[in-house]
Every structure is written in C-alpha cells, then in structure tokens.
1. Are any residues in the stretch 65-97 closer than 18 Å to Ala18 by Cα, more than 14 Å from the chain's Cα centre (by Cα) and among the aliphatic types (A, V, I, L, M), and if so, which ones?
2. Restricting the stretch 36-54 to residues that are surrounded by fewer than 24 Cβ atoms within 10 Å (Cβ to Cβ) and of a type outside the set (A, V, I, L, M, F, W, C), which is nearest to Leu145 (Cα to Cα)?
3. Determine whether the stretch 215-225 contains at least one residue that is touching a residue at least 40 places away in the same chain (Cβ under 8 Å) and at positive phi.
4. Looking only at residues that are among the acidic types (Asp, Glu) and surrounded by fewer than 19 Cβ atoms within 10 Å (Cβ to Cβ) in the stretch 147-178, which one is farthest from the chain's Cα centre (by Cα)?
5. Among all residue pairs at least 6 apart or on different chains, which show Cβ distances below 7 Å where the first residue, located in the stretch 48-75, is more than 30 Å from Ala135 (Cα to Cα) and the second is among the basic types (Lys, Arg)?
6. Out of everything in the stretch 188-229 that is within 22 Å of Asp71 (Cβ to Cβ) and β-branched (Val, Ile, Thr), what residue ends up being surrounded by the fewest Cβ atoms within 10 Å (Cβ to Cβ)?
7. Any chance the stretch 41-59 includes a residue that's aliphatic (A, V, I, L, M), more than 24 Å from Ala164 (Cα to Cα) and in a helix (DSSP H, G or I)?
Amino acid sequence: MDPSSVVQQIKDFALTEARMDKVGIAGIDRFNESPEGVHPTDFLPGCKSVIVFCTRLPDGAVNATYRTFEDLNYNVHGVYGAFGYVGAPNYNLMFANYKISRFVEKLTGCAAVPEPAGPTHGAKMMSLRHCAYAAGLGEFGWSSLMLTPEFGPRNRFGAVLTTAELPSDPMYSGPRLCDPSKCHVCEKLCPTGAIPPYVPGSERLVCSGGKEIGYGQTNWSKCRIMCHGTGKDYNESGTDLVPQTDWDPLNEDLDVIGEFFDAHPRENFHQHSPSWKCGNCLSYCPVGSWYRRFRDTGLTSTNIDAYIDDGWRSPT
C-alpha cells in the first residue's frame with residue numbers, strides 16, 4: 001500500500017473517529033537524542049514511527065484557574081483539574097490512543113503500542129511534549145510547555161508507536177511562537193518562581209529533525225510546591241502537606257519536596273498525586289489568541305501586557 005495513502009487514512013481516522021484536533025508523524029530517526037529508557041524502541045522494539053496527536057483544552061475549563069488566583073475561590077479550581085488538565089483530557093486521549101492503535105494494526109498489519117496519557121495509569125511513559133515537537137505539531141515555550149500555533153499551550157498530547165514505517169511530517173517552520181526575551185508572563189506569574197528569567201545560553205536545548213530549540217530549565221521541586229498544593233496557602237485544606245520548614249524560604253535546594261512525595265505517595269486522585277493545583281503558566285500564556293479573544297470580557301483582571309516588553313505579540 002502507498003505509504004502516503006496509509007498516512008492519510010491514519011490522520012483522517014485520528015481527526016474524525018478519534019476526534020483529535022491535530023496529528024503528526026515522526027520517524028524513529030527524530031528520537032536519536034532520547035534519554036536511555038524512554039526511547040520509542042524501549043517500549044516497542046523495532047518501532048519505526050511515532051504517531052502524535054492532541055486534544056484542545058476547553059478555554060472555559062482552563063480559565064477557571066483565574067477564579068482561584070484572582071478571586072481566591074478554590075472550589076472552582078477543580079473544574080480545571082477535571083476538564084482542563086488531568087481528568088477528562090487524559091481519558092479522552094486514552095480512548096483515542098486505543099482506537100488509533102487498533103486502526104493502525106488493522107490497516108498496516110504492524111504492531112502499534114498506545115502510550116499512556118499522563119501518569120493516570122501507572123505506566124512509565126515517554127515525554128509526549130518531545131514527541132509532539134518531533135512530529136512537527138509545534139514548539140516549546142520558555143515554560144517548557146509545548147505550544148501549537150492554533151491553541152498555544154492549551155493542548156494535551158497522545159502518541160501511538162508502531163513498527164510501520166511512515167514518512168515524517170515536516171518540523172514546525174512557522175513564526176517563533178514564544179520569545180522569552182520579550183514575553184515574561186510565565187516567569188512573572190509563577191507563584192513559586194519555578195520558571196527562571198530568560199538568560200541567553202541558559203536554555204535546555206532539544207534537537208529533532210534537524211531543528212534545535214531551547215526552553216527554560218524549570219525548577220521542578222519549586223513547581224511541585226504549587227502544582228501539588230503542598231502549602232496551606234495553595235490548597236483548600238488549610239494545612240501544609242509538606243512541612244513548611246522544608247521549603248520556606250524557597251531556595252534552589254528543594255530535593256526534600258521530591259523525597260517527601262516518594263515517602264508519602266498520595267492516592268486520593270486518579271493520578272499518583274494531584275498536579276493541577278496551579279496552571280498559571282498554561283492559563284496565562286498569551287500564545288494561541290485566547291487573550292485577544294477574552295481580554296475585554298472581564299474574564300480576568302490580570303493585565304499580562306505588564307509582563308511583555310516592547311508591545312510584543314505572539315504571531316497566533
């Protein structure tokens with residue numbers, strides 16, 4: 001069967017029957033820099049292609065975070081957790097992974113392995129952000145989130161590995177979506193300072209398909225303080241889930257946060273531990289046009305233009 005015909009059938013299926021919003025394909029050569037243990041062939045020996053797709057997050061669900069941080073209404077934040085981050089999006093991707101893998105196997109006669117959508121299911125997983133970059137769906141923002149020109153960071157990604165040899169899609173070649181030298185929104189609105197200021201040469205560099213890009217080296221321990229709601233000021237319980245003496249004042253040596261979670265696994269959500277308590281870097285990022293569409297509606301009182309230099313605007 002003509003490879004281009006196979007690719008088109010897979011993409012049509014992903015966009016219609018599986019109801020995904022974007023889809024791209026990365027050949028195995030685009031994962032030459034994958035760390036040991038998370039290369040596609042570690043999951044599927046003989047893997048030749050990775051089919052990557054995304055589901056758009058509903059603006060209304062993502063924007064629910066504003067009620068928490070601007071109105072201190074913590075009860076609304078669960079809408080973001082359930083529909084804008086780990087709940088419905090991951091299950092939507094899980095079923096899409098299942099459908100697409102079955103379709104690929106039936107169409108090609110080759111093995112197809114669906115990648116878990118988030119840590120919901122307890123399986124080790126590849127970086128779906130890096131898969132999306134390798135498949136040409138977009139590029140990294142300074143926050144380390146994957147940006148697409150259509151939706152900015154408001155996407156979740158899934159992937160199916162296959163031994164079918166499929167032609168790769170071109171790498172994203174549109175205008176640069178994030179300019180951290182001029183846009184500081186994610187850095188300034190991170191409550192724990194986990195996203196560093198832009199300094200030339202400080203980026204983490206990623207190369208795939210002959211294209212190199214850099215993104216900020218986020219302090220994940222600082223990120224977890226907020227995202228996992230460990231501090232009493234960041235969750236509705238009014239208690240410190242990690243002793244405050246372990247992380248206040250904030251500094252660069254916050255391994256205690258990771259050590260605490262390793263010793264105290266939390267099984268009170270459909271994920272190993274809730275990671276949806278924040279979301280500022282995703283919800284306030286101006287890429288993807290939400291700010292232009294909602295700026296004058298009163299939806300948010302935060303003027304993100306205050307964190308953007310020289311009137312810079314994302315091209316999308």
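The values are calculated or read from the model by the stated rules, or taken from the named source; none is laboratory data. If you're wondering where the values come from, they're calculated on a predicted model, not measured in any experiment. All Cβ positions, even for glycine, are placed from backbone atoms using ideal geometry, and neighbour counts span all protein chains on display.
1. Ala88, Met94, Ala96
2. Looking at residues that are surrounded by fewer than 24 Cβ atoms within 10 Å (Cβ to Cβ) and of a type outside the set (A, V, I, L, M, F, W, C), I get His39.
3. Within the stretch 215-225, not a single residue is touching a residue at least 40 places away in the same chain (Cβ under 8 Å) and at positive phi.
4. Only one residue tops the list, namely Glu165.
5. Filtered contacts from the stretch 48-75: Asn73/Arg67.
6. Thr192
7. The answer is no, given that none of the residues of the stretch 41-59 is aliphatic (A, V, I, L, M), more than 24 Å from Ala164 (Cα to Cα) and in a helix (DSSP H, G or I).
Okay, residues lined up against (1) over 13 Å from Gly24 (Cβ atoms); (2) modelled with pLDDT of 95 or more; (3) of a type in the set (Phe, Trp, Tyr):
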site	(1), (2), (3)
Val76	yes, no, no
Thr108	yes, yes, no
Met126	yes, no, no
Ala132	no, yes, no
Met146	no, yes, no
Arg154	yes, yes, no
Thr163	yes, yes, no
Lys182	yes, yes, no
